[in-house]
Amino acid sequence: MANEVQRNRLIIVALICGAFTLAIGFAVSMGIGSALDRHILTSTALRSGRDSGVVISLFQWITWLSDSAQRTGMVLLTALWLVWKARRRAALIIIVVPILAGVTNSVLKEAFARARPDIVPHLDNIGNLAYPSGHAANAVAFFLLAALILATRGPVLWRRAAVSAAILIGASRVLLGVHWPSDVIGGWLWGAACALIGWWAVTRMEAKQ
């Protein structure tokens, strides 16, 4: 009964995260918070020629870590590890959830159709719309879910490491001038919703084994 209650709480928290993602999306679509977005972006974004090239390269590398190819490699390696540990259901979920996060995040981008910021020079390549940030969403969806699944010992340390990685990746998008801060917050929330749903599915399936 206690485990069932905990699983229900996971779904509730996931729904809350998803609801906040949608609420922020509607707010920014109406221009609410745009002044704060601009202030934070102009205050924190790095500039070539003004800021250290080493620092800029560091955050470009951090954002590269969550690009599609690198993320796919990490997902597959984690899935193989789980298969080796005889956790095939968890391996399936660790593959499905990042795909789900990426697809649904793209749908949200099209729905809100928010343009990328153009008030500072971009220090990374951009391709699609702004809200929510795909890098932020995908980072949380994978790193948080992987930490929850793999943390058989020292779960707090694993979760802190996962959250730290996701925060750095999201922050890099603002520092490189390619996302509004609210894009990243929305991405983090959406990724958390996906990760928690994935963890709910893993705990439910493994409880039936």
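Annotation for ALA35 and ILE16: the two label points, set 7 Å from Cα along the Cα-Cβ direction, are 3.0 nm apart. Fully extending the segment from ILE99 to ALA27 would add 23.3 nm, taking 0.36 nm per residue of separation and subtracting the current Cα-Cα distance. Candidate membrane-span-like segments in the chain, meaning DSSP H helices with Cα atoms spread over at least 18 Å of their own axis and a Kyte-Doolittle mean of 0.5 or above, are 2-29, 68-84, 88-112, 134-150, 155-175, 181-207, with no membrane implied.
Calculate for the chain the 222 nm mean residue ellipticity that helices alone would give, adding -39,500 (n - 2.57) per DSSP H run of length 4 or more and normalising by residue count, nearest 500 deg cm²/dmol.
-26000 deg cm²/dmol
Taking a point 7 Å out from the Cα of ARG89 in the direction of its Cβ, the residues of segment 183-209 whose backbone N falls within less than 20 Å of it are 194-209. Here the convex hull built on the C-alpha positions of the chain has a volume of 120 cubic angstrom per residue.
If Lys and Arg each add +1 and Asp and Glu each add -1, what is the summed charge of the other residues whose beta carbon sits under 11 Å from the beta carbon of LEU108?
Surrounding charge for LEU108 is 0.
Within the listed set VAL174, VAL97, VAL156, the Gaussian network model of the chain (springs between alpha-carbon atoms below 10 Å) gives the highest mean-square fluctuation for VAL156.
For the Cα trace of segment 10-55, dividing Rg by the Kirkwood Rh returns an Rg/Rh value of 1.23.
Going by the alpha-carbon gyration tensor, a ≥ b ≥ c the square roots of its eigenvalues, is segment 12-104 rounded (a/c under 1.5) or, if a/c is not under 1.5, prolate (a/b greater than b/c) versus oblate?
Taking the square roots of the gyration eigenvalues as a ≥ b ≥ c, segment 12-104 is oblate.
Comparing PRO98, PRO121, PRO181 in a Gaussian network model of the chain, where Cα atoms under 10 Å apart are tied by springs, the biggest mean-square fluctuation is seen for PRO121. Taking a ≥ b ≥ c as the square roots of the eigenvalues of the alpha-carbon gyration tensor, segment 145-209 is classed oblate because a/c is 1.5 or more while a/b is no larger than b/c.
Taking GLY49, GLY170, GLY18 in turn, the Gaussian network model of the chain (Cα-Cα springs below 10 Å) assigns the largest fluctuation to GLY49.
Computing FRET efficiency as 1/(1 + (r/R0)^6) for TRP64 and ALA207, where r is the C-beta to C-beta distance and R0 is 41 Å, gives about 0.60.
For segment 61-135, the equivalent ellipsoid derived from the alpha-carbon gyration tensor has semi-axes of 30, 15, 6 Å in decreasing order.
Just the protein heavy atoms count here, and of the accessible area of the chain at 1.4 Å, carbon and sulfur take up 68 percent. Surface analysis of the chain yields an accessible area of 52 Å² per residue, using protein heavy atoms and a 1.4 Å probe.
The values are calculated or read from the model by the stated rules, or taken from the named source; none is laboratory data. Keep in mind it's a predicted model, so treat the numbers as computed, not measured. Neighbour counts run over all protein chains shown; Cβ positions are idealised from the backbone, glycine included. Note: areas computed on protein heavy atoms with side chains; ligands, DNA, RNA excluded. Shrake-Rupley method; radii C 1.70, N 1.55, O 1.52, S 1.80 Å.
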